[in-house]
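Single-structure report; data block below.
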Amino acid sequence: MARNSKNLKAAYAAIDRNKAYGLAEAVSLVKGNAKAKFDETIEIAMNLGVDPRHADQMVRGVVAMPNGTGKTMRVAVFAKDAKADEAKAAGADLVGAEDLAEAIQNGESGFDRVIATPDMMGVVGRLGKVLGPRGLMPNPKLGTVTADVTAAVNAAKAGEVQYRAEKAGVVHAGIGKASFDEAKIVENATAFIDAVRKARPSGAKGQYVKKITISSTMSAGVFVEDAAAQ
């Protein structure tokens with residue numbers, strides 16, 4: 001704990017907490033301050049001028065990270081017969097139907113993404129209280145309810161990121177690891193920012209993107225200058 005506190009103090013000393021930096025400089029600062037003994041995740045958070053409690057102000061979507069996220073995604077697929085075989089061939093970690101639903105109800109949680117073929121949504125729907133709070137319910141708008149399970153599994157494994165505005169109007173995601181080249185982190189951050197900006201809902205009024213912050217798992221956040229607002 002003492003070491004972490006020392007590193008965090010050093011990170012704060014290295015940045016101007018009242019300044020918004022250009023994206024490339026912000027990434028450089030965050031990457032330079034990531035001094036933990038493990039490969040820290042680089043995260044981005046966008047504070048939006050929306051109230052997600054209103055349907056016309058919800059911000060939700062999916063974006064493919066150009067350089068992946070550095071995280072190993074564990075994928076569960078609800079499918080039967082040939083589609084189940086297809087999911088297994090694509091590299092899904094868990095595949096099943098009623099048996100998979102029972103396993104999840106009994107505590108199975110070894111997955112980060114859930115994909116389902118349309119005919120399996122009757123089974124998956126019964127898991128709403130388990131999957132919903134984790135943001136894992138399959139959704140056609142996010143490409144996780146689909147007959148093309150191969151494409152869905154491949155996208156998830158390649159670093160596709162889902163995002164959803166929280167109560168305070170914040171969306172966030174992991175966009176890489178501290179071991180990534182700065183240029184790759186910048187490219188991923190740009191893809192995420194662009195996707196969220198394009199997802200502006202019809203009910204959003206006034207300033208949409210209020211603040212952008214980039215940080216690492218154990219280090220201080222750095223404010224990012226919103227170039228599009230200049």
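The values are calculated or read from the model by the stated rules, or taken from the named source; none is laboratory data. Note that the structure is a prediction, hence the values are computed from the model and not measured. Using ideal geometry, Cβ is built from the backbone for each residue, glycine included, and neighbour counts are taken over all protein chains shown.
Each residue in segment 135-181 was checked for being under 23 Å from Lys80 (Cα atoms) and either surrounded by fewer than 19 Cβ atoms within 10 Å (Cβ to Cβ) or among the hydroxyl-bearing types (Ser, Thr, Tyr) (or both), and 12 pass. Look at segment 166-186: where a residue is farther than 16 Å from Leu23 by Cβ and a partner is polar (S, T, N, Q), sitting 6+ places away or on another chain with Cβ atoms under 7 Å, you get Gly169/Asn47; Val170/Asn47; Gly174/Thr41; Gly174/Thr69; Lys177/Thr41; Ala178/Ser216.
Per-residue answers, yes or no, for (1) at pLDDT 95 or above; (2) within 28 Å of Lys129 (Cβ to Cβ); (3) touching a Cys at 6+ places or on another chain (Cβ under 6 Å):
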site	(1), (2), (3)
Asn47	yes, no, no
Asp56	yes, yes, no
Thr72	no, yes, no
Ala79	yes, yes, no
Lys88	yes, yes, no
Leu94	yes, yes, no
Phe111	yes, yes, no
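Within segment 85-101, being over 11 Å from Met120 (Cα atoms) and of a type in the set (Gly, Ala, Ser) holds for Ala87, Ala89, Ala90, Gly91, Ala92. In segment 161-179, which residues are touching a Lys or Arg at 6+ places or on another chain (Cβ under 7 Å) and among the basic types (Lys, Arg)? Answer for segment 161-179, where residues must be touching a Lys or Arg at 6+ places or on another chain (Cβ under 7 Å) and among the basic types (Lys, Arg): just Arg164.
Summed over segment 39-63, the residues that are closer than 21 Å to Ala183 by Cα, surrounded by fewer than 19 Cβ atoms within 10 Å (Cβ to Cβ) and either more than 19 Å from the chain's Cα centre (by Cα) or polar (S, T, N, Q) (or both) give a count of 0.
For segment 159-216, the candidate set comprises residues that are of a type in the set (Phe, Trp, Tyr) and more than 11 Å from the chain's Cα centre (by Cα); within that set, the residue that is nearest to Ile115 (Cα to Cα) is Phe180. If you go through segment 68-117 and keep only what is touching a residue at least 24 places away in the same chain (Cβ under 8 Å), in a helix (DSSP H, G or I) and surrounded by fewer than 18 Cβ atoms within 10 Å (Cβ to Cβ), you end up with Ala89, Glu98, Gln105.
Yes/no per residue for (1) under 22 Å from Val161 (Cβ atoms); (2) part of a helix (DSSP H, G or I):
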| site | (1), (2) |
| --- | --- |
| Asn18 | no, no |
| Val27 | yes, yes |
| Lys31 | yes, yes |
| Phe38 | yes, no |
| Ile44 | yes, no |
| Asp56 | no, yes |
| Val62 | yes, no |
